[in-house]
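First the structure, in the form of structure tokens, and then the observations on it.
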Amino acid sequence: MKIDAVDFFYLTMPNVTEDVDGSQDALLVRVTAGNQIGWGECEAAPLPSIAAFVCPMSHGVCRPVGASVLGQKLESPQDIHRIAARVAYDSMDLLQASHTFSGVEMALWDVLGRRLDAPVWSLLGYRSSEAKIPYASLLFGDTPQETLDRARKALSEGFSAFKFGWGPIGRATVSDDADQFAAAREGIGPDAFLMVDAGQIFGEDVEAASARMQALEAARALWIEEPFQANALEAYASLAGQGSSVRTAGGEASHNIHMAEHLMRYGKVGYIQIDCGRIGGIGPAKTVAASAASRGVTYVNHTFTSHLALSASLQPYAGLADHNICEFPAQPSQLALDLTTKHLQRDAKGLVKAPESPGLGVDIDLPGLAPYLVDTEITVNGKVLYRTPALV
């Protein structure tokens, strides 16, 4: 079969706020190949990502992503790798290309899995889908009391691992942050896993991050995530070298395999967190997972949006039994909930697995998405390069 069409759907909540919540809008991708349809999701601003697929060519290695995808043969995983390599070369100067192709690549795996009646993880070479401990991914409250309330609520929903992020962390005093960490620990109890996401707030300031480590140790945090900017490798290595029981984590901002490799090799992170909607899709994430396993670094998915993205994020390390913790969006927007007809469910032990169903094992709720659809058109010199396609 060949790739006949790639359609993008720009979806958004009625009101988008400045909250650091990536589920407030979405870019859904539909790939049609023969009589088979597959779905993916880009973790990026929708409009520039659509533009990267349809924009006019600037020169030989700044071509639209669509030029490397449409009409291509799709019969095996090797075809997906071949298409990915072509996109990387022909769009090397189009910096949005990896974000755009990430959603397309997910959909290609979904198409192939459905066509071959196999889950994506099996096409990646895994023999089984291993259970993961899902952590409720939450934002810190504006006050320690709000954080305490959110922690207690998530605990009541049966989670045994929790990550709190962003909010006021790093914006006030060390004491204020310590109160937030303590509130999170109090809310989840003494035995649950606790992780903290600093949201790059410290830039490259190792001293500021170090000042929080004692409070994080007191709260028995497992890791501090993204204390620094994505490429501040020396800062990461410096903090990791202090020997704290709290490990460093990062990687969601990796837009290619090499960025992730550098964070592990030179940044010395203990946990590498990859977002399939940013790094170029499921294939590159699988490469990073294998590298992490060989380095003694723990691979963790990154996702904060829909269960389509959640399923995609689990595929690259589905078969790695020792890498057994996963991010699970605990407070997604209504859009993220309505995007799919079913959600990945935790089992009786509170664990979650990549689906056994063909492809990504997640179906899209097309009628349910109509209220969120943004009517969009991209026109250049009177020629329509993109217009919102029909959902059905």
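The values are calculated or read from the model by the stated rules, or taken from the named source; none is laboratory data. Bear in mind the structure is a predicted one, so any value in this text is a computation, not a measurement. Neighbour counts are summed over all protein chains in view; Cβ atoms, including those assigned to glycine, are modelled from backbone coordinates with ideal geometry. Note: accessible area is taken over every heavy atom of the protein model, side chains too, but ligands, DNA and RNA are not part of it. Shrake-Rupley method; radii C 1.70, N 1.55, O 1.52, S 1.80 Å.
Lys and Arg at +1, Asp and Glu at -1: add these up for the other residues within a Cβ distance under 13 Å of Thr376 and post the number. Residues close to Thr376 contribute a combined charge of -3.
When the residues Thr379, Thr388, Thr303 are ordered by accessible surface, computed with a 1.4 Å probe over the protein chains alone, the sequence from largest down reads Thr379, Thr388, Thr303.
For a Förster distance of 45 Å, can you work out the FRET efficiency between the beta-carbons of Ala172 and Asp347, rounded to the nearest 0.05? Intermediate values should be presented prior to the final figure.
On the way: r = 40 Å, r/R0 = 0.89.
Efficiency at R0 = 45 Å is approximately 0.65.
Once you've got the Cα coordinates, tell me which of Lys153/Lys268; Lys286/Lys353; Lys73/Lys286; Lys163/Lys349; Lys153/Lys286 are over 24 Å apart. Please report the intermediate quantities before stating the final value.
Numbers: Lys153/Lys268 34 Å; Lys286/Lys353 16 Å; Lys73/Lys286 22 Å; Lys163/Lys349 19 Å; Lys153/Lys286 34 Å.
Violating the 24 Å limit, Cα to Cα: Lys153/Lys268; Lys153/Lys286.
Multiply the residue separation of Glu234 and Tyr89 by 0.36 nm, subtract the distance between their alpha-carbon atoms, and state the gained length in nm to one decimal. Mind dumping the intermediate values first?
Details: separation 145, 0.36 × 145 = 52.20 nm, distance 2.93 nm.
In short, 49.3 nm is gained.
With each label modelled as a point 7 angstrom along the Cα→C-beta vector, the Lys383-Thr32 pair spans 2.2 nm.
Evaluate E = 1/(1 + (r/R0)^6) for Ser58 and His258, where r is the Cβ-Cβ distance and R0 equals 25 Å; express this FRET efficiency to the nearest 0.05. All intermediate terms of the calculation are to be shown ahead of the outcome.
Numbers: r = 23 Å, r/R0 = 0.93.
The calculated FRET efficiency here is 0.60.
Computed from phi, the 3J(HN,Hα) profile of the stretch 323-332 under the Karplus parametrisation 6.51, -1.76, 1.60 (θ = phi - 60°) reads 9, 10, 10, 9, 6, 9, x, 8, 9, x Hz, with x in place of Gly and Pro.
Give me the extension gain from Leu70 to Glu217: residue separation times 0.36 nm, minus the current Cα-Cα distance, reported in nm with one decimal.
Details: separation 147, 0.36 × 147 = 52.92 nm, distance 5.13 nm.
This chain segment gains 47.8 nm when fully extended.
In sequence order, the stretch 23-35 has phi-based couplings of 8, 6, 9, 7, 10, 8, 10, 10, 10, 10, 9, x, 9 Hz under the Karplus curve 6.51 cos²θ - 1.76 cosθ + 1.60, θ = phi - 60°, and Gly or Pro positions carry x. Close amide H contacts of Gly319 (hydrogens built in the peptide plane, cut-off under 5 Å, sequence separation of 5 or more or a different chain): Glu130.
The mean sequence distance of close C-alpha pairs (under 8 Å, at least 6 residues apart), as a share of the length of the chain, puts its relative contact order at 19 percent. Only helical runs count toward this figure. For the chain, summing -39,500 (n - 2.57) over DSSP H runs of n ≥ 4 and dividing by all residues gives -10000 deg cm²/dmol at 222 nm. Between Ser245 and Thr143, the simple label model (points 7 Å from Cα in the Cβ direction) yields a spacing of 3.1 nm. Taking the chain as a Gaussian network, where each spring joins two C-alpha atoms under 10 Å apart, which residue of Ala136, Ala26, Ala253 fluctuates the most? The residue that fluctuates most here is Ala253.
Per-residue 3J(HN,Hα) values for the stretch 376-392, derived from phi via the Karplus relation 6.51 cos²θ - 1.76 cosθ + 1.60 with θ = phi - 60°, read 10, 9, 10, 10, 10, 6, x, 9, 7, 8, 8, 9, 3, x, 6, 5, 10 Hz in sequence order (x marks Gly and Pro). Between the helical axis of 282-295 and the dominant principal axis of the chain, each derived from Cα atoms, what acute angle in degrees is found, rounded to the nearest 10? Relative to the chain, helix 282-295 is tipped by roughly 40 degrees.
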